[in-house]
Structure formats: C-alpha cells, structure tokens
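The values are calculated or read from the model by the stated rules, or taken from the named source; none is laboratory data. Nothing here was measured: the structure is a model prediction, and the numbers come from that model. Cβ atoms come from the backbone with ideal geometry, glycine included; neighbour counts cover every protein chain shown. The protein model used for the area step is the full one, side chains on, heavy atoms only, and it has no ligands, DNA or RNA in it. Shrake-Rupley method; radii C 1.70, N 1.55, O 1.52, S 1.80 Å.
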Amino acid sequence: MPIEKIIVLEDDLIVRRNLEQLLRQQRYDVAATDTIAGARELMAKDSFDLLFLDLRLPDGEGTDLLRELQAQAEKPLVVMITGFGSVESAVECMRNGAFDYMLKPFSSDQLQVTLKKAENFDQLVKVNAYFSNAEEDETGYELQGNSPAMENLRQLIRKVARTQATVLIAGESGTGKELVARALYRQSPRHNKPFIKVNCAAIPENLIESEFFGHEKGSFTGAFTKREGRFELAHSGTILLDEVSEISPQVQAKLLRVLQERELERVGGNRTIKVDVRVLATTNRHLEESVQRKEFRQDLFFRLNVVPIQVPPLREHKEDVPFLARQFMPRFARKHGVRVRGFSDDCLAALQAHRWPGNVRELQNVIERAVILCGDAGQLEPEHLGFSPQTVPGPLGAPEIPMLLPAASALAAHADTGPISLFELEKRHILSVMEKTPSRTAAAKVLGISIRTLRNKLRDYGVQNKDDEEAGDTTEPEPG
C-alpha cells in the first residue's frame, strides 16, 4: 500500500530540510512544520499517511501529540525521531502507539527501510480491516470429487497456478468457480499475499469504480476520507473479479488500462498508482456472445481470457453426487446438532437421478434441508430431500410424464434373478417407497405423482386397503 502524504514535525531546521528533500526525491507529498500547533493545523486540513515526530519540540513533548493521535479513528503512522535516545524513551513511545523509533542522525538507507516497513504495515492493517468487514465466503470449502472431469480440472489448476497469467473461469452458477479461483491462489507463488474478492454483480454501478480504484477525500458527496480500492489492497497478491461480465462499459475501459499498464488513478485523484496484482475473473455467461452483442469489450475479453478454465456442471460428473453428499452431510449435521447415520439406498438413487440445475450449490442446500428435516430419525430418506416432481417429455405434442426414480433396493432385488419387466421394476419401487413413508400422500410426493395415479397403480398391483374395499371399485380414470 503506497505511503503518499507525510508530515515532518522537527524543530531543527537542517534536519527538517534534509528529511524533506530525501522524501520528495522519492515522490512523496511532504508538509513540514516545527511546532505541534502547526502539525495539528495541517492534519485538520488534510489526511496524512505518515508522521515523522520529534521527541522534543518548542511547544511541548512529541509523546503528548502521539497520545492525542491514538484517540482518533483516522490517524497517520508515527515514527518518533530524537537525538537523545534511550531504551526507556523508545519503550514509552512504542507503548503509546508509535510505529517506529529512529535516532538522529540517520542515513537514507535507514529511512528507506522505515518507509518500506510502513508501507507493508499500512497494507496489512487495511487488508485486515477489509477481511473483518467481508461477508462470509467459501474459505472452508475445497474442490471435491473423484470423477475424471474433476481430476482434469485439478490438473489444469496445478499447471496454471504457478504462473502469473490472468485466468478467466467460466461455468454455470453453483459449479464452484470461486473455489477454483481460491485453489489457483493457494497453489500460486502469491499464496502468502492478499487475496481480494470483488463481487461485480453486487456493487451498485455508481460505486463500482470507487470499489475498484478507490477515491480521494472530497471526490464526491460522502467521500469524507481517502479510501484505497480493491486493486490497491491486492497489491503484490491476487484479485478475484467475480461475475466480471456485470461491469459497465465505462469501468471496463478503466479495468483494461489496469490490466495493460498495471497502474490506476483513484476517483477524484490525479496521482498514478502502480499496482502488482494477478487477476482472476469468473463469469456465468458466454462472454464471446456478450462481445458480439457489444455488451462487453473485445479487447478486455482478450486480456482476461489468457488462460480459460471451464468448470463442468454437476450433471456432467454425476458420479460425484454420492461422494459430495457424504461430504456435506456430517458438516451440516454438526452445524445443526442432528445425529444422522447416513443415506438410504433410495435416497442415494433419488440424488443420482436428479438433474441438478443449480449444480453443487443446489446439492449443498438439498443435503442441509434433508439433515434438518430428518432430525434424529437416523437415516436420510427420499422424502427428506424435498424435490419437486421431476418430469420427462412425453411424445411429441403430449403432456409431460411424471418420472419415477428407480430405487437401488428395487434394482438389487432382482440382481440374482435376471432381467424383469419395467412394470415389475416400477411395482417394486413404488411398494418400497410405500414401506418407508407414513402415508400414501407422502409416498406420492416422493414418487412425484398424484395421489390419484398412485391409488390406481396400487389397484393394478392388487394392493387394496380396507377403505378401498368398503368404498368398492372407485378407480378413477387418469386425466386425458
């Protein structure tokens, strides 16, 4: 994080002038004064990043001003300077909030080391404040799955992570694009530097430029202090532009400059700030189509698409569904204080048959809901999943037909007896669901059919209860 504005509070004219000159040679904005009153006046007019503070001054002790600054929310880092140093005074200054302590005379090399330490510390404080205010993310989750599709994805991540290349991660919502970005970061040479995420879709258009690039004090209504943008916070680290396709054309042009020149200007500022960041971007759109519709800049697309990574939807690696479900289940059981032993065969079959339009995020939500509904019943069953009835297209022009999910238990029942008819397979599955549900209404809901359809099928199987026998043959025709 660059230190920009510095106050030199020193009563010795020669020392003050020499320090001013050294700082200005390094392109810092420097204000100098020889009294505490003068320093207070400067800080009332502007914000400063660093204060070189002499220990003894004509109108008071430097430690008095140091203690005064610690009570302020926005304050500069303070480096105490003195020609009468002692261990006791150094300890007192550090206890009162000084960042560093320098003995006069000091060399330009000593000054350079102090400035570098101040920049690193300033960035650390601001990145920590960003993470303290950040929303809960998916840091506790990792890419999981044993399918060939996921193994190929992990191999690609390993190859790309160790480079400095810009990466565009594409995929449907809920596939785990942010997890891919975090895996790239953790396996990169920048893994011990900041990882800053920007949700481009969640930031109002009139604020996104300020979020990206920061703003100067007074640059717009409400800008009461200087604020560093996300790119500055990510300096020397990695920035994730989540849903990058959502940014406006105006911000796209400025983002292109950052990617090309690695420099930016804050809103309302004229100072060019150099940044060293690795850029990762995600999108759930086909950006090539957005380029053709003139919604996304072609030159920006080329800059982002240096290394494209496509995250497969869950329906393309459904063999991972049981594994993922077993990973999620104990996590949510602990979260909600529920004792769950595992999944029934029918439940796993239902999970395997689902199409998962919401991908892994939908699977997480389904398993969490199932754990909650299961309570302490011990085993997750199909009725705990809460699936809405799934359908498959009927013949051309015909209505859709409810899709019955084949139960693993029904399939296993005839494993040793050879093939059976579809009628017999359906019968076994329906009767299996009936045994595991408290009522016909609940069974019909799990099967994804109406209670009327279930009643008629049971009569076809020769299954009747006392209510049916007393009512006589009341078979209702299926709606045509």
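Details
- Of the residues making up the stretch 305-324, at least one is part of a strand (DSSP E or B), surrounded by 16 or more Cβ atoms within 10 Å (Cβ to Cβ) and at pLDDT 90 or above.
- Candidate set from the stretch 206-220 (those that are part of a loop (DSSP other than H, G, I, E, B) and in contact with a helix residue (DSSP H, G or I) (Cβ under 9 Å, 6 or more places away or on another chain)); member that is surrounded by the fewest Cβ atoms within 10 Å (Cβ to Cβ): Phe220
- Selection status of Pro312, more than 30 Å from Gly214 (Cβ to Cβ), touching a residue at least 12 places away in the same chain (Cβ under 8 Å) and not aliphatic (A, V, I, L, M): yes
- Pair list, Cβ under 7 Å, 6 or more apart: the stretch 445-471 residue of a type in the set (Ser, Thr, Tyr) and open to solvent by 60 Å² or more (accessible area, probe 1.4 Å), other residue at pLDDT 75 or above and not in a helix (DSSP H, G or I): none
- Residue count for the stretch 221-264 satisfying the condition of being farther than 23 Å from Leu184 by Cα, in contact with a Ser or Thr (Cβ under 6 Å, 6 or more places away or on another chain) and either assigned to a strand (DSSP E or B) or modelled with pLDDT of 90 or more (or both): 1.
- From Leu240, Leu264, Leu259, residue being in contact with a Leu (Cβ under 7 Å, 6 or more places away or on another chain) and open to solvent by less than 40 Å² (accessible area, probe 1.4 Å): Leu240
- On inspection, Arg190 fails the criterion of being within 18 Å of the chain's Cα centre (by Cα) and closer than 16 Å to Thr282 by Cβ.
- For first residues located in the stretch 1-29 and more than 26 Å from Arg266 (Cα to Cα), partners that are open to solvent by 70 Å² or more (accessible area, probe 1.4 Å) and modelled with pLDDT under 90 and lie 6+ apart or on another chain with Cβ distances below 9 Å form the pairs Asp11/Arg56; Val15/Pro105; Asn18/Pro105.
- Failed condition for Tyr185, given (1) touching a Leu at 6+ places or on another chain (Cβ under 9 Å); (2) open to solvent by less than 10 Å² (accessible area, probe 1.4 Å): (2)
- Residues (in contact (Cβ under 8 Å) with a residue 24 or more places away in the chain, open to solvent by 20 Å² or more (accessible area, probe 1.4 Å) and in a loop (DSSP other than H, G, I, E, B)) located in the stretch 267-276: Gly268, Gly269, Arg271, Asp276
- Near pairs, Cβ below 6 angstrom, 6+ apart or cross-chain, from the stretch 218-229 (in contact (Cβ under 8 Å) with a residue 24 or more places away in the chain) to any residue that is among the aromatic types (Phe, Trp, Tyr) and surrounded by 12 or more Cβ atoms within 10 Å (Cβ to Cβ): Gly229/Phe212; Gly229/Phe213
- Subset of the stretch 89-126 (residues that are basic (Lys, Arg) and under 22 Å from Arg56 (Cα atoms)): Arg95, Lys104
- Meets criteria (among the aliphatic types (A, V, I, L, M), open to solvent by less than 40 Å² (accessible area, probe 1.4 Å) and within 19 Å of Arg154 (Cβ to Cβ)) for Ala223: no
- Identity of the residue in the stretch 277-304, in a helix (DSSP H, G or I) and open to solvent by less than 10 Å² (accessible area, probe 1.4 Å), that ends up farthest from Arg230 (Cα to Cα): Ser290
- Unique match (being crowded, with 18+ Cβ neighbours inside 10 Å, of a type outside the set (Gly, Ala, Ser), at pLDDT 80 or above and closer than 30 Å to Arg334 by Cα) among Leu405, Leu363: Leu363
- Here the condition is being open to solvent by 10 Å² or more (accessible area, probe 1.4 Å), closer than 22 Å to Glu319 by Cβ and not small (Gly, Ala, Ser); of Asn199, Asn192, Asn146, it holds for Asn146 alone.
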